[in-house]
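The values are calculated or read from the model by the stated rules, or taken from the named source; none is laboratory data. No experiment lies behind these values; they were computed from the predicted model shown. We place every Cβ from the backbone using ideal geometry, glycine too, and count neighbours over all the protein chains shown.
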Amino acid sequence: MVEVAVIGAGIAGLTCARRLQAAGKTIVLIDKSRGLGGRLATRRLAGTHADHGVCYLQAKDSQFQAWIDELVSGGILQVWTNGIHRLSADGVLQSPTKSAPYYAAPMGATSIAKYLGRDLEIIGDKLITDISPIDNGWRLSTKDPEFSLTAAQVIIATPPAQALNIARESIGAQSIEQLASVQFTRSITTIAVYPETDQNAATAIPWQGIQCIEHPTLAWIGLDSSKQIEPKQPVLVIQSSAAFAEQYFDAPDLSIIGQKLIDEIAPFIPTLHAPELVQVHRWGYAFTKNPLSERFLTAQTIAPLYFCGDWCGGNRVESAYLSGMALADRILNLSIT
């Protein structure tokens, strides 16, 4: 039996697991995907890559800024830009009104998750379907009859709906109500890769990223290739508004949806030709609409069971990091008393 099993290898789960392991706990981290990071996602493409989830990192909390500084020192992050343009609801592009560092990973956002996951025992491609109480802990189950894992404590670091699927039969009504109350918006991301012959034109584009404010179709436009050290060709990442995603999320032909978003940004990239590659990704849990005020949740169960994520205290990477750190500190404090 391991001391702590962490379900979910996003930033909250990775952060919590790493802090606990550094304090001497035996940790196993399990995720339904092969990769790490959740929405810190990078799509590897022929000769290039694109961050199709989280666009950049920016700190409001000093603890998170200290972690960003660590990543900068380690060569994982760099300052990408000091200003983000804005697009108003009526389509007017506005220059940045203030200067502040926005950080990105030249090798892709997943390099941040890989940095956090170094030296951790991680079991990928395993969907935990259920946890059940046993003497002094929990049994974690999957559809794989060969899989067997028990843990004294369990941390579920997934979106609340997924956490409910795993733990509903083991938690009380209050925890169920808290988890069920959290709602998310959805998003559709389009990645557009342009010919190498357009790279010189891309360097003349006067923005690196555009935040779209209450736009009916768009939420974000990013010249993603500008994050790279020596980009060979332009790569744009376009994220839809929540309203657009609700309308088209289940559309059978994703290529049509991708083209709709590309058509929307045409006025902002007049010197680029048609993309030579387009990929579309759907995010079912893009941003929390109503995050909880707590940094983590503690279930009223005999064996320790906790929940954490960006939906605890916010809806960004910073919220996920602070949630994982706060929960790890709580567990360590409990182990001392």
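If the Cβ limit is 7 Å and pairs must be 6+ apart or interchain, which residue in segment 104-117 that is farther than 15 Å from GLU70 by Cα pairs with which residue that is among the basic types (Lys, Arg) and modelled with pLDDT of 95 or more? Note: pairs meeting the criteria are PRO106/LYS227. Against the numbered list (1) more than 19 Å from the chain's Cα centre (by Cα); (2) farther than 17 Å from LEU292 by Cα; (3) surrounded by fewer than 16 Cβ atoms within 10 Å (Cβ to Cβ), ALA180 comes up short only at (2). Which members of segment 279-337 meet the condition of being of a type in the set (Phe, Trp, Tyr) and farther than 20 Å from ALA161 by Cβ? TYR321 - this is the single residue of segment 279-337 that is of a type in the set (Phe, Trp, Tyr) and farther than 20 Å from ALA161 by Cβ. Looking only at residues that are among the hydroxyl-bearing types (Ser, Thr, Tyr) and under 28 Å from ILE7 (Cα atoms) in segment 36-94, which one is surrounded by the fewest Cβ atoms within 10 Å (Cβ to Cβ)? Of everything passing the filter in segment 36-94, SER62 is surrounded by the fewest Cβ atoms within 10 Å (Cβ to Cβ). Quick check: is even one residue across segment 41-49 assigned by TED's automatic domain parsing to the domain that holds VAL317, out of contact with any helix residue (DSSP H, G or I) (no Cβ under 9 Å at 6 or more places or on another chain), in a loop (DSSP other than H, G, I, E, B) and within 24 Å of LEU127 (Cα to Cα)? Checked against the condition, which is being assigned by TED's automatic domain parsing to the domain that holds VAL317, out of contact with any helix residue (DSSP H, G or I) (no Cβ under 9 Å at 6 or more places or on another chain), in a loop (DSSP other than H, G, I, E, B) and within 24 Å of LEU127 (Cα to Cα), segment 41-49 yields no hits at all.
Given the criteria aliphatic (A, V, I, L, M) and assigned to a loop (DSSP other than H, G, I, E, B), does ILE191 qualify? No; evaluated as a whole, the condition is false for this residue.
Mind checking whether some residue in segment 235-257 is at negative phi, surrounded by fewer than 20 Cβ atoms within 10 Å (Cβ to Cβ) and either of a type in the set (Lys, Arg) or not assigned by TED's automatic domain parsing to the domain that holds TRP80 (or both)? For segment 235-257, residues at negative phi, surrounded by fewer than 20 Cβ atoms within 10 Å (Cβ to Cβ) and either of a type in the set (Lys, Arg) or not assigned by TED's automatic domain parsing to the domain that holds TRP80 (or both): absent.
Selection of segment 99-132 for residues being in contact with a Lys or Arg (Cβ under 8 Å, 6 or more places away or on another chain) and over 29 Å from LYS60 (Cα atoms) yields GLY124, ASP125, LYS126, LEU127, ILE128, THR129, ILE131, SER132. Identify all residues within segment 288-337 that are of a type in the set (Val, Ile, Thr) and more than 23 Å from TYR102 (Cβ to Cβ); write none if there are none. Of everything in segment 288-337, those that are of a type in the set (Val, Ile, Thr) and more than 23 Å from TYR102 (Cβ to Cβ) turn out to be THR298, THR301, ILE302, ILE331, ILE336, THR337.
Of all residues in segment 12-22, those being within 16 Å of PRO160 (Cβ to Cβ) and either modelled with pLDDT under 95 or of a type in the set (A, V, I, L, M) (or both) number 1. Which of the residues belonging to segment 56-73 are more than 14 Å from ALA109 (Cα to Cα) and either in contact (Cβ under 8 Å) with a residue 12 or more places away in the chain or outside the structural domain of LEU236 (by TED's automatic domain parsing) (or both)? Scanning segment 56-73 gives ALA59, LYS60, ASP61, GLN63, PHE64, TRP67. When ILE156, ILE122 are checked against the criterion of being touching a residue at least 12 places away in the same chain (Cβ under 8 Å) and out of contact with any Phe, Trp or Tyr (no Cβ under 9 Å at 6 or more places or on another chain), ILE122 stands alone in meeting it. In the set LEU292, LEU297, LEU305, LEU277, only one residue is surrounded by fewer than 20 Cβ atoms within 10 Å (Cβ to Cβ) and not aromatic (Phe, Trp, Tyr); that residue is LEU277. If you filter segment 201-234 down to residues that are free of Cβ contacts under 8 Å to residues at least 60 places away in the same chain and within 16 Å of THR42 (Cα to Cα), you find that the one that is surrounded by the fewest Cβ atoms within 10 Å (Cβ to Cβ) is LEU223. Please verify whether ALA100 is closer than 22 Å to VAL317 by Cα and in a helix (DSSP H, G or I), treating the condition exactly as stated. No; evaluated as a whole, the condition is false for this residue.
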